[in-house]
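The values are calculated or read from the model by the stated rules, or taken from the named source; none is laboratory data. This is a predicted model, so every value here is computed, not measured. Don't worry about glycine lacking a Cβ; one is built from the backbone with ideal geometry, like all the others, and counts go over all protein chains shown. Heads up: the accessible areas ignore ligands, DNA and RNA and are worked out on the full protein's heavy atoms, side chains in. Shrake-Rupley method; radii C 1.70, N 1.55, O 1.52, S 1.80 Å.
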Amino acid sequence: MFDAARRWLWVGCAVWGVVPGPCGATPRAASDPCARPPAGSLLSDPAELRSRDGVLSLELSVRNHREADGSIRYCYLAATGEQSPTLRMRPGDLLVLKLKNELADPGASAAAGAAPAAQDPCTSASMSLTSTNLHFHGLTVPPICHADEVLKTSIAAGAPPFEYRFRIPAHEPPGLYWYHPHIHGFTTAQVLGGASGALIIEGIERANPALAGMAQRVLVIRDQNLLHPDAAPSKSEPVVPKMLIDRDGDAANNGSGFGKPAKDLSINYIPVPYPDYPPAALEMRPGARELWRVVNACGITYLNLAVIFQHSAQKLGIVAIDGVPLNTNGNADNAVEWRDHIGLPPGARVEFIVAAPPQGLPALLVTRTVDTGQGGENDPNRALAAIVTSPDARPPASSLPSEHEPLPPSSLPWLGNVAPVRVRKLYFSEKLTNPADPNSATDFYLTVDGETPKPFDPAAQEPNIVVRQGDVEDWIIENRSTELHAFHIHQLHFLLLDWSGAPVNEPFLRDTVNVPYFNGRTLQYPSVRLRMDFRDPDTVGTFVYHCHLLEHEDGGMMGTIRVLPAT
Ligand SMILES: [Cu+2]
């Protein structure tokens, strides 16, 4: 079998020089299925698996491994050896994915591992550290077993391969999606361990012809427990000058920017650990323009991406968010939005055009600090990758096609022009389990206004919300807690109408949105207003909405919705 560990570890030598690089190091044992490159390694795209003749057929096993530092890594391995490959399909293609659960409980002795009971994975609902399933984040495919159902679907460790089989809708927006496990109570551990991968619906150049022929790069940013939790913060200057710390459209960036982060980050599995954040190396050719397709696959970390040359943030040309091209409302003028930093909550994606720095000029891809609120995690300034320009740079693994046909116009009216049939209000809130003890555990709630806050109950038979297919509704999502939350709903995209009281009426759709925190001083709780689209027949069924900070989701910040068939 192809040795995935070697493939990952020896793509090149570290060029940053802050930490010992991979050159001359000893490859890790092939027995580590989830081996990761050392800090400072040269970035390359995840391996890709592309559909052929309208079908992408693959086998993935999900594995875990206790690393030398004590952390538990998780990964997907394709039968051909690729780790957590990017799945590339076209609208209308069939996905046939056989998932084999090879997870082990690293805390259990081998003798304790009982043979799995013969349970039907479609009705199991057994949520444990070693059970798993898949969520295809952002796709509008039905919430039914073997497609995108996560409330009941659970594959036991050692069970026979479980088949996911569904067709990508012909009208799925072309862009960046992702896959990850969604086992209630255990999602955080699996995703922080690295169980995630990118999924691309081809054809973004059909929405935006300016992208035709452009080289493209897939960057999956994950978080993980700190590799050096006891280290003192670095005394060196922050990678982002203080003058750049201001407010943006998605998060108030007035955090201090310093101190120990809640989690370490990695970029395409190359760790960028606290406290010195040795960046991965990213090579570009001088004068190159590339499309960077970035997934925030973090469990709890907010990103605020910027590309900095000599203390100056560069303009990044955003062309899609959450898999949806910016001109999806039909107005070609919206095709590119130039920004010098991009806020990205956990679960969200952004695709943007980057111009290479002039040769010899030091440049960094960074994430700037995000003020997540008094109750939130510390997400300080830190580097992710050092951009090195060289005429000999290897170009990215692939380019977008240069031939393209325009996307057909949507058969449905633009969501912003559809009147909602009703308005609902939901709110995020938190409570200490023992209000007298600030160190007691926190309960996390996502509640329909008027109901009593309760953590998500997997055994509940009735959904929290019932809607009818064909309807469009407005949902106001309020945040009554002192930290940010990221609202996400399965099966559909929504239109962001207002953010924190200001109308935005974006020309594209999202599936994940940051909800500003309550600072204790305003008369009203902060909120977002979303136009929810239940018109697609593939939304019929029962599925979930939740906070995409996975500790919050696992802690109960989730609810269920049932979409009834149209009358
Ligand atoms: Cu949350």
Solvent-accessible area per residue, Å², over region 41-168 with all protein chains present [probe radius 1.4 Å] = 40 Å²
Carbon and sulfur atoms: what percent of the 1.4 Å accessible area of region 122-173 do they account for?
-> 62 percent
Once you sort the root eigenvalues of the Cα gyration tensor of region 300-396 as a ≥ b ≥ c, which label holds: rounded (a/c under 1.5), prolate (a/b larger than b/c) or oblate (the other case)?
-> oblate
R0 of 22 Å, Cβ-Cβ distance residue 459-residue 105: FRET efficiency to nearest 0.05 | 0.40
Could you calculate the contour length gain from residue 566 to residue 79, that is, 0.36 nm times the residue separation minus the distance between their Cα atoms, to one decimal place in nm?
-> 171.2 nm
Could you tell me which of rounded, prolate or oblate describes region 303-346, using a ≥ b ≥ c as the square roots of the eigenvalues of the alpha-carbon gyration tensor, with rounded for a/c under 1.5 and, failing that, prolate when a/b is larger than b/c and oblate otherwise?
-> oblate
Highest average packing first - 422-429, 295-302, Cβ atoms within 10 Å = 295-302, 422-429
Applying the gyration tensor rule to the Cα atoms of the chain (axes a ≥ b ≥ c; rounded if a/c under 1.5, else prolate if a/b exceeds b/c, else oblate), the class is rounded
Residues of region 525-566 with amide nitrogen under 20 Å from the 7 Å Cα-to-Cβ point of residue 123?
-> 541-543
Summing -39500 (n - 2.57) over every DSSP H run of at least 4 residues in the chain and dividing by its residue count gives a helix-only mean residue ellipticity at 222 nm, to the nearest 500 deg cm²/dmol, of -500 deg cm²/dmol
If each of residue 359 and residue 234 carries a label point 7 Å out from its Cα toward its Cβ, how far apart are those two points in nm?
-> 2.8 nm
For region 220-227, take each phi angle, set θ = phi - 60°, evaluate the Karplus expression 6.51 cos²θ - 1.76 cosθ + 1.60, and give the result in whole Hz per residue in order, putting x for glycine and proline.
-> 9, 9, 10, 10, 7, 4, 4, 6
Each label sits 7 Å from Cα toward the beta-carbon; between residue 57 and residue 285 the label points are separated, in nm, by 3.7 nm
Tell me which residues come under 5 Å, amide H to amide H, from residue 320 once H is placed; ignore anything under 5 positions away on its chain.
-> 326, 351
Ordering of 308-318, 153-163 by burial proxy (mean other Cβ atoms within 10 Å per residue, highest first) = 153-163, 308-318
Of all GluC sites (Glu not before Pro) in region 349-415, which ones are in loop regions per DSSP and have a Cβ with at most 10 other Cβ atoms within 10 Å?
-> 403
Which residues in region 417-440 have a backbone N closer than 16 Å to a point placed 7 Å from the Cα of residue 448 along the Cα-to-Cβ line?
-> 421-428
Distance between Cα centroids, region 479-494 to region 138-188: provide it in whole Å.
-> 20 Å
Given pairs 100/260; 152/260; 98/260; 152/425; 100/431 and cut-off 32 Å on Cα-Cα distance, the over-length ones are 100/260; 152/260; 98/260; 100/431
